[in-house]
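Colleague: One structure, pasted below without further comment.
The values are calculated or read from the model by the stated rules, or taken from the named source; none is laboratory data. Nothing here was measured: the structure is a model prediction, and the numbers come from that model. Virtual Cβ from ideal backbone geometry, glycine too; neighbours counted across all protein chains shown.
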Amino acid sequence: MSTGKLKIDWAAQYMPVLASIKKQFEKDKPFKGMTIGMALHVEAKTANLVQTLAAGGAKVYITGCNPLSTQDDVAAALNEVKNVHCYAKRGCTVDEYYAAIEQVLDAAPSITIDDGMDLIHYLHTKRRELLKKVIGGCEETTTGIHRLRAMAAEKKLEFPVVAVNDTPMKRFFDNVHGTGESALSSIMITTNTLIAGKYLVVAGYGYCGRGLAQKAHGLGAKVVVTEVDPRRALEAHMDGYHVMTMDQAAEIGDIFVTTTGNTSVIGKDHFGKLKAGAILANAGHFNVEIDIAWLAKHADSTVERDGIITYILKGKPVHVLAEGRLVNLATPKGMGHPIEVMDLSFALQALCARYIAEQGDSLKGGVYDVPQEIDEQVARLKLASLGLSIDELSAAQKKYQCSWDIGT
Ligand SMILES: NC(=O)c1ccc[n+]([C@@H]2O[C@H](COP(=O)([O-])OP(=O)(O)OC[C@H]3O[C@@H](n4cnc5c(N)ncnc54)[C@H](O)[C@@H]3O)[C@@H](O)[C@H]2O)c1
Ligand SMILES: N[C@@H](CCSC[C@H]1O[C@@H](n2cnc3c(=O)[nH]cnc32)[C@H](O)[C@@H]1O)C(=O)O
C-alpha cells in the first residue's frame, strides 16, 4: 500500500463522526451530479473529508491552501480515488499555488470549500464567468471569514458561504485544542528545544491563543500574552499569565508564537530587542504575522536548516520556523491538528456542504452561520462515539426556562 494511503487509513480509524456521515452519504448521494472545488491543507484528515464528499456522489477537485502544507504522498493517493483530482504540491511557488487554484476552478464547481478564502477570492476576481454555476460555499478558518465578511459588507460576495469556523463545534475544539497541541508539537519536533522553564510569548488571546497558552503552561512554560483587545488581555491576566506589550515581551521571550491573523505583530520595532537564539513561529494565518520581509532585507546573513531560517542581526541569531507560515502544518514534520479534532471540523464541513447542496439556491450572497441542528448533530455523534450520555431537559424544565413570571 502507498505511504499516502497508509496515512489516510491511519487517520480514518480516529474519525468516527466523519465515518458515520460518510455511511449516510453513500446511501443518500446528496451531491449526485455536483462538482466540489476545494482549497484546504492536503493531508490525511482532509483526504478523509474528500473521500466522504466523493462517497456522496460529488466529483471533487482539490488543491492546497498554503504553499508548504501539502503532503505529496497523500496528494498522490487522492489522485487514485475515483472522481477525485488533486493538484496540490508541497513547496510550490506562489504562481504554482494560484495555477493549481485555476485548475480546480476549470472544473466549474457548484460548491466551494475554502480555508482562508483564496479560492473564493480568485473566483470573484479572475474567473467571474464561473460565478453563476456556484450554489454556495463553506469557509474553514477565522481569517477566511473576516475576509468574507469584509467582501459581503462591500456587497461583493455573490453566493452564500457558511462560516464553519464560527460555530462552537469548530472553534472550541479545533482552534483551542487543535492549534494548542499541534503548534507546540511542531515547534518541539522542529527545534528539539525545551519548553519547560522558558518564557513563551503568545501574541493574541483569542481561541487559538488561549489553547496555546494553556498547553504551554501545562508543559511548564512561563507564558506571556500580548493583546490589543483590553477584555481579552484581562482574561489572560486572570487566567494567570503575564500580560505586556510586544515591545516588553521581545526583551524576555525565548519562544514567540503569533495567533492573531494580523500583520507585522512581531516587526521591525521588536527584532532588535530579541535575545540571541529567540525562536519565532506563526500559528495564525498568512506569513505576515512576523515581518519576514524586513528580516530578509536587514539580516547580515541567513542560515537555513530543515524548517528553520536563522537571520543574523548585528551578529545575533534569530530563528524563524516554517518561513513564517503556519508552524503546525508548514514545518517538514508538521502534521497539523490532531485527528480527533479534525474529525469534528470536517464532519461540520461535510454536513454544511450538504446544507448548501440542498438549500444554497434559496440563499442570497452573504455569510451564514452553521445551522444549530448541524452543530448539535456533530456534538451528539461525537458523544455517542465516546459512549457518553447526557441528560435531557424535562418538559417542566423547558417550560421553566421560557417563563418570566416565576421569581423569588
Ligand atoms: N494554526 C492553525 O491551524 C489555525 C487554526 C485555527 C485558526 N487559525 C488562524 O489563527 C488566527 C486566530 O484565530 P482565532 O480563532 O484565535 O481568532 P480570534 O479572533 O479569536 O483571536 C485573535 C486575537 O488576536 C488579537 N490580536 C489582533 N491583532 C493583534 C496584535 N497586533 N497583537 C496582539 N493581539 C492581536 C485579537 O484581539 C484577538 O483576541 C486566525 O488567523 C485563524 O484563521 C489557525
Ligand atoms: N490558508 C491559510 C489558512 C490558515 S489555516 C487554519 C486552518 O487550518 C485548519 N487545519 C489545521 N490543521 C489541519 C490539518 O491537519 N488538516 C487540515 N486542516 C487543518 C484548521 O481548521 C484552521 O482553521 C494559511 O495557510 O495561512
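Colleague: Given the criteria crowded, with 16+ Cβ neighbours inside 10 Å, at pLDDT 95 or above and touching a Gly at 6+ places or on another chain (Cβ under 7 Å), does Ile292 qualify?
Modeller: Here the answer is yes, as Ile292 does meet what is asked.
Colleague: I would also like to ask the following. If you go through segment 191-222 one residue at a time, how many are within 16 Å of ligand 2 (Cβ to nearest atom), assigned to a helix (DSSP H, G or I) and either closer than 11 Å to Val257 by Cα or touching a strand residue (DSSP E or B) at 6+ places or on another chain (Cβ under 8 Å) (or both)?
Modeller: 3
Colleague: Suppose the filter is within 22 Å of Val60 (Cα to Cα) and touching an Asp or Glu at 6+ places or on another chain (Cβ under 6 Å); does Glu129 pass it? Can you show your working first?
Modeller: Values: within 22 Å of Val60 (Cα to Cα): yes; touching an Asp or Glu at 6+ places or on another chain (Cβ under 6 Å): no.
Taking the combined requirement at face value, the residue does not satisfy it.
Colleague: Condition first: crowded, with 24+ Cβ neighbours inside 10 Å, farther than 17 Å from Val265 by Cβ and of a type in the set (A, V, I, L, M, F, W, C). Now tell me which residues in segment 312-338 satisfy that.
Modeller: Leu329, Ala330 - these are the residues of segment 312-338 that are crowded, with 24+ Cβ neighbours inside 10 Å, farther than 17 Å from Val265 by Cβ and of a type in the set (A, V, I, L, M, F, W, C).
Colleague: Say we look at segment 40-76 and pick out the residues that are among the aliphatic types (A, V, I, L, M), part of a loop (DSSP other than H, G, I, E, B) and within 16 Å of the chain's Cα centre (by Cα); which of these is farthest from ligand 1 (Cβ to nearest atom)?
Modeller: Val42
Colleague: Only one of Phe271, Phe286 is of a type in the set (Phe, Trp, Tyr) and touching a residue at least 60 places away in the same chain (Cβ under 8 Å); which?
Modeller: Every option except Phe286 fails the conditions.
Colleague: Still on this structure: Is at least one residue of segment 256-272 among the hydroxyl-bearing types (Ser, Thr, Tyr), in the same structural domain as Glu227 (by TED's automatic domain parsing), in a loop (DSSP other than H, G, I, E, B) and closer than 19 Å to Tyr199 by Cβ?
Modeller: Looking for residues that are among the hydroxyl-bearing types (Ser, Thr, Tyr), in the same structural domain as Glu227 (by TED's automatic domain parsing), in a loop (DSSP other than H, G, I, E, B) and closer than 19 Å to Tyr199 by Cβ, one finds at least one in segment 256-272, hence yes.
Colleague: Now, a different point. What's the number of the condition Val161 fails, among (1) within 11 Å of ligand 2 (Cβ to nearest atom); (2) of a type outside the set (D, E, K, R); (3) within 19 Å of Ala347 (Cβ to Cβ)?
Modeller: (1)
Colleague: Here is a follow-up. Which one of the conditions (1) surrounded by fewer than 23 Cβ atoms within 10 Å (Cβ to Cβ); (2) within 14 Å of ligand 1 (Cβ to nearest atom); (3) of a type in the set (S, T, N, Q) does Thr141 fail to meet, given that it meets all the rest?
Modeller: Looking at each condition in turn, Thr141 falls short on (1).
Colleague: Further, regarding this structure: How many residues does segment 310-351 hold that are basic (Lys, Arg), under 13 Å from the mean Cα position of the chain (by Cα) and either farther than 30 Å from Gly136 by Cβ or more than 11 Å from ligand 1 (Cβ to nearest atom) (or both)?
Modeller: Here is the first cut: in segment 310-351, the ones basic (Lys, Arg) are 314, 316, 325, 333.
Next, from what is left, pick out any that are under 13 Å from the mean Cα position of the chain (by Cα): 325.
After this cut, where a residue has to be either farther than 30 Å from Gly136 by Cβ or more than 11 Å from ligand 1 (Cβ to nearest atom) (or both) as well, the list is none.
Qualifying residue count for the region: 0.
Colleague: When the residues of segment 111-126 are narrowed to those that are within 16 Å of ligand 1 (Cβ to nearest atom) and either free of Cβ contacts under 8 Å to residues at least 60 places away in the same chain or over 21 Å from Ile62 (Cβ atoms) (or both), which ends up surrounded by the most Cβ atoms within 10 Å (Cβ to Cβ)?
Modeller: Met117
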